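The values are calculated or read from the model by the stated rules, or taken from the named source; none is laboratory data. For clarity, every value in this text was computed on a predicted model and none was experimentally measured. A quick note on method: Cβ atoms are made from the backbone with ideal geometry, for glycine too, and the neighbour counts reach across all protein chains shown. The accessibility values were calculated without ligands, DNA or RNA, using every heavy atom of the protein model including side chains. Shrake-Rupley method; radii C 1.70, N 1.55, O 1.52, S 1.80 Å.
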Amino acid sequence: MRIAADIHVLAGAFASQQLAYAHLLDVAEAEGLSPDLDHVEVIAGPLHKRLRAYFDDDLVSELARAADGEALILVLPGAFVTGAFPETSLLRDLGRHPGHVTRAALS
């Protein structure tokens, strides 16, 4: 089932996904946040295919241009982060965008 969601998008240049997650944990600790990283996506490389799982085609193109070769980090609603991750020397905030997440339907 696809559910409408506001998704916080960040961009940053990281050598690996693990380093992006490590930086997010450092930022979260400094800000007093406790994110569930199972609901944070780090997308590097060709962005369009993976972004289409969350956003419409126009927004996918806009975000890919804004990333300018950097990885995109999607903070999904299930991450339970109130507010937003702040910008750092490694993270640029690209804002919250309307999208959707896919969840299993419970019957």
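Residue pairs whose Cβ atoms lie under 6 Å apart, separated by 6 or more positions or on different chains, with the first residue in segment 35-47 and open to solvent by 20 Å² or more (accessible area, probe 1.4 Å) and the second assigned to a loop (DSSP other than H, G, I, E, B), are Pro35/Val81; Asp36/Phe80; His39/Leu76.
For segment 48-60, what are the residues that are open to solvent by 30 Å² or more (accessible area, probe 1.4 Å) and part of a loop (DSSP other than H, G, I, E, B)? Answer for segment 48-60, where residues must be open to solvent by 30 Å² or more (accessible area, probe 1.4 Å) and part of a loop (DSSP other than H, G, I, E, B): Arg52, Ala53, Tyr54, Asp56. In segment 88-105, the residue that is nearest to Val60 (Cα to Cα) out of those that are charged (D, E, K, R) and within 13 Å of the chain's Cα centre (by Cα) is Arg96.
If the condition is being more than 16 Å from the chain's Cα centre (by Cα), assigned to a helix (DSSP H, G or I) and not charged (D, E, K, R), then segment 20-38 contributes only Ala30. Scanning segment 61-107 for residues that are under 15 Å from Leu47 (Cα atoms), in contact (Cβ under 8 Å) with a residue 24 or more places away in the chain and among the acidic types (Asp, Glu), we see that the one that is most open to solvent (accessible area, probe 1.4 Å) is Asp68. Answer yes or no: is there a residue in segment 15-29 that is touching a Gly at 6+ places or on another chain (Cβ under 8 Å) and open to solvent by 80 Å² or more (accessible area, probe 1.4 Å). Among the residues of segment 15-29, not one is touching a Gly at 6+ places or on another chain (Cβ under 8 Å) and open to solvent by 80 Å² or more (accessible area, probe 1.4 Å), which makes the answer no.
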